[in-house]
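Structure first, commentary second.
The values are calculated or read from the model by the stated rules, or taken from the named source; none is laboratory data. Note that this is a predicted model, so its numbers are computed, not measured. Cβ atoms come from the backbone with ideal geometry, glycine included; neighbour counts cover every protein chain shown. Remember, those area values only see protein heavy atoms, side chains included, never the ligands or the DNA or RNA. Shrake-Rupley method; radii C 1.70, N 1.55, O 1.52, S 1.80 Å.
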Amino acid sequence: MAQLWGGRFTKETDQLVYQFNASISFDQKFFGQDIEGSIAHVVMLAKQGILTKEEKDLILKGLTGIRQDVEEGRLAITEEYEDIHSFVEAKLIERIGDAGKKLHTGRSRNDQVALDMRLYTRLEVLYVDELVKELLCTLLRIMEENMETYMPGFTHLQKAQPVTLAHHIGAYFEMFKRDRSRLKSIYHRMNYCPLGAGALAGTTYPLDRNYTAALLGFEGPTLNSMDSVSDRDYVIEFLSALSTIMMHLSRFCEEIIIWNSDEYRFVEIDDAYSTGSSIMPQKKNPDIAELVRGKTGRVYGALLSILTTMKGIPLAYNKDMQEDKELTFDAIDTVKGCLALFEGMVRTMKFRKDVMERSAMRGFTNATDAADYLVVRGVPFRDAHGIIGRLVLTCIDKQCSIEDLSIEELKEISPVFEADLYDAISLKTCVGRRLTVGAPGKDAMQKVIEAQKEYLTRDWQDEEGIYMTKDKESER
Ligand code: ARG
């Protein structure tokens, strides 16, 4: 057991208590961020004259040496330390002696862990955003290739009106675009530096918090030290955004599972993204889509869990907050995995255009357009609705589509029908004439696709120079 706080204790910690309390098994995940934060802290302490230049150089050398040794496998992070902060400090003192004992001047583990967690999640927001962007690129390509791939649009999972595959996929494009904009705003809201808040009430050392914040790429320091050490809103917001991404992926997966079924056969998931059955030789299962759908519950669980953990915590730091980590890390890794796999599954999936089109032609998806045909020729809409209703009944009886009836049969139902009806209710016409903004008609769709393309050429991470921050972070 290696603890930072033995001084006022007369007994050893009970072994079970030690294990229950320790966090190193999971907080080693932000080892890199812990070192990064300590480096900035030490540079600031020296600038403020709180450490000498010699002490600073010694500590920086020690810290970078520890980082290199861990990264290159010469130094193992072992569980005899309570948490990653204790590990780094202990190793530093082991290596450089007394100067190492000055690292923690003007700092508490409370503001330290608040910083590490922020640095870690801040970077992950960017990685998740990149993965969503990659998915968007794939979706846009599918959209461009399928502007005239007709398929039924559904309400209540019943065929409603014809749309195109581009239009259907375009709905998800909008969802994932909103997900990115959520990530962007979360990034900005969380991008303030808690370091310097101390245990809860700041410190008496003349720290330059603006300077530390700038060194670490934050927009500024946080403005209330008690809030700084006890705020986990950014974790909750991030988990909420991740949950929404999973909800979108899950809906899409549900459709793919349905489309991939033998009853629909709209798509065929690639062999590389399917699995077989141990007993039924004919089976090819959409396990990946099912797993993504299933893992959604796990990410929601993390959100609900942390919301609940936080709701009863008085100011300022309380140990309950240690519970934010495992679930958040798991949720982030889960979402990243799901995004990458989902993108691959969709990219390699075969869309059976002929089956989709045939399906769009059955099920009277053109009934609304047939009613509109009558309306244009002077029949009041309510009457037209009734006439087409009877027409559909006749067709169900004869097991055919509206356009399979002869003009004579049609005229028996309404004398207003003429031979130009067939063209007016063809799939191409039904879809092509839907030209309001956001509708599936080719010209309307074309404009949206241009706008989406333009959207993908611009990138908020690029525009704000965040890629540079990220490169620096991975260099550090
Ligand atoms: N492992 C702790 C956490 O994750 C670090 C902060 C410890 N602070 C304290 N006062 N015990 O929250």
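Calculated FRET efficiency, Val437 and Met226, Cβ-Cβ r, R0 45 Å, to nearest 0.05? Let's see the in-between values first.
Working: r = 49 Å, r/R0 = 1.08.
Once rounded, the FRET efficiency stands at 0.40.
Full-extension gain between Lys284 and Ile313, please, as 0.36 nm times their residue separation minus the C-alpha to C-alpha distance. Mind showing how you got there, number by number?
Numbers: separation 29, 0.36 × 29 = 10.44 nm, distance 4.94 nm.
Full extension of this stretch gives 5.5 nm more.
Quick one: what do you get for region 17-140 if you divide its Cα Rg by 2.2 N^0.38 Å? Walk me through the numbers on the way to the answer.
Working: Rg = 16.9 Å, N = 124, 2.2 N^0.38 = 13.7 Å.
Output field value: 1.23.
Measure nothing but the geometry: give the 0 to 90° angle between the long axis through the Cα atoms of 442-457 and the longest principal axis through the Cα atoms of the chain, rounded to 10°.
Its long axis makes an angle of about 10 degrees.
Against the 2.2 N^0.38 Å scaling, with N counting residues, where does region 85-214 land? I'd like the Cα-based Rg ratio to two decimal places.
Numbers: Rg = 24.8 Å, N = 130, 2.2 N^0.38 = 14.0 Å.
Region 85-214 yields a ratio of 1.78.
If we sort 58-65, 96-103 on the protection proxy, mean other Cβ atoms within 10 Å, highest first, what's the order? It would help to have the intermediate numbers written out before the result.
On the way: 58-65: 18.6, 96-103: 16.9.
By packing density, highest mean first, the sequence is 58-65, 96-103.
Report the paramagnetic label zone for Leu304: residues of region 336-358 whose backbone N is under 16 Å from a point 7 Å from Cα along the Cα-to-Cβ axis.
So the set is empty, nothing qualifies.
Using every Cα-Cα pair within region 3-67, state what percent have a distance larger than 16 Å.
Percent of Cα pairs beyond 16 Å in region 3-67: 62.
Which three extents, in angstrom, do the Cα atoms of region 388-454 have along their principal axes, listed largest first?
Rounded to whole Å, the extents work out to 51, 21, 16 Å.
Which residues does the label zone of Glu323 cover in region 284-314, counting backbone N under 13 Å from a point 7 Å along Cα→Cβ?
Within reach of a label on Glu323, which here means backbone N under 13 Å from a point 7 Å along Cα→Cβ, region 284-314 contributes 302-314.
Which three extents, in angstrom, do the Cα atoms of the chain have along their principal axes, listed largest first?
101, 51, 41
Rounded to whole Å and ordered largest first, report the semi-axes of the equivalent ellipsoid of region 332-476 derived from its Cα gyration tensor (root of 5λ).
Working: eigenvalues 483, 72, 28 Å².
Semi-axis lengths for region 332-476 are 49, 19, 12 Å.
Mind ranking 412-423, 327-338 by how tightly packed they are, going by the mean number of other C-beta atoms within 10 angstrom, highest first?
On the way: 412-423: 14.4, 327-338: 20.4.
Peptide ranking by packing, descending: 327-338, 412-423.
Can you give the FRET efficiency to the nearest 0.05 for Lys61 and Glu144, using r as the Cβ-Cβ distance and R₀ = 45 Å? The partial results should precede the final answer.
Working: r = 54 Å, r/R0 = 1.20.
Calculated value: 0.25.
Assigning unit charges at the beta carbon (Lys, Arg +1; Asp, Glu -1) and nothing else, what dipole magnitude in debye, to the nearest 20, does the chain show about its Cα centre? Working shown, then result.
Working: 60 positive and 75 negative charges, 117 e Å.
For this selection, approximately 560 debye.
Packing-wise, with mean Cβ within 10 Å as the measure, how do 219-225, 450-456, 320-326 rank, highest first? Present the calculation step by step, with values, prior to reporting the outcome.
On the way: 219-225: 16.3, 450-456: 12.6, 320-326: 17.9.
Averaged packing, sorted descending, gives the order 320-326, 219-225, 450-456.
Hey, how much of the P(r) for region 93-162 falls beyond 16 Å, as a percent of Cα pairs?
Working: 1800 of 2415 pairs.
Here the tail beyond 16 Å accounts for 75 percent of pairs.
How far is helix 233-259 tilted, in degrees, relative to the longest principal axis of the Cα atoms in the chain, given as a value from 0 to 90 rounded to the nearest 10?
Roughly 30 degrees between the two axes.
Place a point 7 Å from the Cα of Tyr455 along the Cα-to-Cβ direction; which residues of region 166-206 have their backbone N under 20 Å from it?
It comes to 166-188, nothing else.
Could you compute the FRET efficiency for Asp354 and Leu157, with r as their C-beta to C-beta distance and R0 at 22 Å, rounded to 0.05? Mind dumping the intermediate values first?
Values: r = 22 Å, r/R0 = 0.99.
Given R0 = 22 Å and the Cβ-Cβ separation, E is 0.50.
In whole percent, how big is the carbon plus sulfur part of the accessible area of region 1-134, probe 1.4 Å, protein atoms only?
Its accessible area is 50 percent carbon and sulfur atoms.
Rounding to the nearest 10 and keeping the result within 0 to 90°, find how far the Cα-based axis of helix 381-398 lies from the longest principal axis of the chain.
80
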